[in-house]
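Some notes on the structure that comes next.
The values are calculated or read from the model by the stated rules, or taken from the named source; none is laboratory data. As the structure is a prediction and not an experimental result, all values here were calculated from the model. Heads up, the Cβs are rebuilt from the backbone with ideal geometry, glycines too, and the neighbour counts pull from every protein chain shown. Note: areas computed on protein heavy atoms with side chains; ligands, DNA, RNA excluded. Shrake-Rupley method; radii C 1.70, N 1.55, O 1.52, S 1.80 Å.
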Amino acid sequence: MELKDFLEKMDTGEEIEAGSEYHLFMHSLSQEALRITAEMNNAYRTPDELTVLMKELTGQKVLEGFGLFPPFYTDCGKNIRFGKNVFVNSGCRFQDQGGIRIGDNALIGHNAVLATLNHDPDPEKRANLIPSPIVIGKNVWLGANVTVLPGVTIGDGAIVAAGAVVTKDVPPNTVAAGVPAKVLHPVQPV
């Protein structure tokens, strides 16, 4: 299987059957991601070295202004797209098989978890996976320890408070907080 075929399948949102060709390919990508993230995380790397490793991990050009404070974890890597001037703080975990798109000037706080896979709720098919993308808009700020669940879009300019669990879309230019996250008010300039 080619990476292109895998990504096209993930982008359909169709259930991935456990043990299928797609599922096995996903596991091979995980091994590559584990190798690359070990290189990122287990020794000091300059910003330029981290950018090179992120390019290898994602298979995509990393745009200007990208910043990363390791450690960083992912179990795929190939379905992440970063905009310009994105900063990812330490301890983040991206489960990106379903697709993660991060807009320009986004700030991702410490220990954020972006999860794009669900399991089938039927106990007989529980090992099957259901991919669904996460879209983080431009100028978004995710606080520390935020968790974003599959299928969520966070609109441009939004702020998600530390510790929030985002289960539904967050409109642009709003502040969301809580478990589950709820929109509190519009973003208010200082």
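One line per residue, one yes/no per condition, for (1) in a loop (DSSP other than H, G, I, E, B); (2) within 12 Å of the chain's Cα centre (by Cα); (3) in contact (Cβ under 8 Å) with a residue 60 or more places away in the chain; (4) farther than 13 Å from Phe82 by Cβ:
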site: Arg101; (1), (2), (3), (4): no, yes, no, no
site: Asp104; (1), (2), (3), (4): yes, no, no, no
site: Leu114; (1), (2), (3), (4): no, yes, no, no
site: Ala127; (1), (2), (3), (4): yes, no, yes, yes
site: Val135; (1), (2), (3), (4): no, yes, no, no
site: Asn139; (1), (2), (3), (4): yes, no, no, yes
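The set of residues in the stretch 102-129 being closer than 15 Å to Leu149 by Cβ and open to solvent by 50 Å² or more (accessible area, probe 1.4 Å) consists of Asn118, His119, Pro121. Any residue at all in the stretch 14-30 that is under 17 Å from the mean Cα position of the chain (by Cα), in contact (Cβ under 8 Å) with a residue 12 or more places away in the chain and open to solvent by 40 Å² or more (accessible area, probe 1.4 Å)? No: the stretch 14-30 contains no residue that is under 17 Å from the mean Cα position of the chain (by Cα), in contact (Cβ under 8 Å) with a residue 12 or more places away in the chain and open to solvent by 40 Å² or more (accessible area, probe 1.4 Å).
Suppose the filter is within 12 Å of the chain's Cα centre (by Cα), modelled with pLDDT of 95 or more and open to solvent by less than 10 Å² (accessible area, probe 1.4 Å); does Leu149 pass it? Answer is no for this residue. Restricting the search to strands (runs of 3 or more DSSP E) fully inside the stretch 36-98 and requiring at least 1 residues that are β-branched (Val, Ile, Thr) gives 72-74, 80-82.
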